[in-house]
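A.B. asks: Here you go, one structure.
Read the figures in this text as sums done on the coordinates, not as results from a lab. Predicted model only: the values in this text are computed from it and were never measured. Every residue, glycine as well, gets a Cβ built from its backbone with ideal geometry; the counts of neighbours run over all protein chains shown.
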């Protein structure tokens with residue numbers, strides 16, 4: 001579809017396949033990708049219901065590798081001097097939840113950091129056998145963003161969510177299925193096909209009824225998600241300014257384990 005540079009949109013009747021398209025960056029949240037995705041989802045709320053189901057996946061070997069760490073500010077320069085504002089990746093999560101049309105996640109390869117949150121923001125998900133979910137932000141000296149603290153807790157409960165976040169361990173396909181993070185696990189070559197099959201089933205049903213049901217299901221949580229995103233953005237910006245935030249960025253670029261001081 002014309003007008004988008006970092007996502008691909010293929011519409012086939014009432015179903016749209018949207019592909020995050022920065023494969024050379026593992027579809028990390030840079031360029032115009034998240035802005036493009038949020039804009040496209042917003043266009044689906046026109047009331048026409050031309051598109052009745054969306055499948056979201058990633059190009060190449062990742063769904064989304066989170067924030068583009070190569071775009072982190074230089075660790076030696078003054079950080080975040082501009083006034084506070086919510087980063088685009090957070091508004092993308094909210095745009096997915098605000099979209100009247102169901103978004104089905106076809107989660108392939110890596111869903112890391114804020115990309116983990118982006119995956120969980122889809123309404124329901126299937127994943128490939130090679131999927132890796134991981135909340136890596138703590139290793140960078142900041143904290144979980146992209147809606148992840150709220151969405152992960154809603155999916156697996158408080159104790160398991162905190163354990164996954166605090167240990168920064170990987171969650172593979174079998175555990176993701178057992179925890180309820182995904183509905184199905186399929187071979188990589190069948191992932192998009194199966195997601196489109198589910199989308200086709202969704203698209204056969206009454207779009208107004210589905211839109212109402214989606215809002216009713218999320219009604220109790222929507223305001224909480226918005227508040228969590230606002231506080232997350234504030235915490236992340238402040239943590240970038242700490243010694244641990246600097247060390248997290250340095251250790252990434254120096255390809256070593258971070259040595260955090262708690263300052």
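A.B. asks: If we sort 165-174, 148-157, 101-110, 49-58 on the protection proxy, mean other Cβ atoms within 10 Å, highest first, what's the order?
C.D. replies: Highest mean packing first, the order is 101-110, 49-58, 148-157, 165-174.
A.B. asks: Quick one: 127, 99, fewest Cβ neighbours within 10 Å first, how do they rank? Write out the running numbers ahead of the final one.
C.D. replies: On the way: 127 29, 99 21.
If I rank by nearby Cβ atoms, fewest first, I get 99, 127.
A.B. asks: Starting from the Cα gyration tensor of region 85-167, take the square roots of the eigenvalues, sort them a ≥ b ≥ c, and report rounded, prolate or oblate (rounded when a/c is under 1.5, otherwise prolate if a/b is larger than b/c, else oblate).
C.D. replies: It comes out oblate by the Cα gyration axes.
A.B. asks: With a ≥ b ≥ c the root eigenvalues of the C-alpha gyration tensor of region 89-130, is it rounded (a/c under 1.5), prolate (a/b larger than b/c) or oblate?
C.D. replies: On the way: a/c = 3.79, a/b = 1.40, b/c = 2.70.
Oblate, since a/c reaches 1.5 and b/c is not below a/b.
A.B. asks: So how far, in whole Å, is the C-alpha centre of region 21-49 from the one of region 166-195?
C.D. replies: Using only Cα atoms to place each centre, the spacing works out to 22 Å.
A.B. asks: Is the C-alpha gyration tensor of region 9-53 telling us rounded, prolate or oblate? Criteria: a/c under 1.5 is rounded; beyond that, a/b larger than b/c is prolate, otherwise oblate.
C.D. replies: It is oblate, given that a/c is not under 1.5 and a/b is not larger than b/c.
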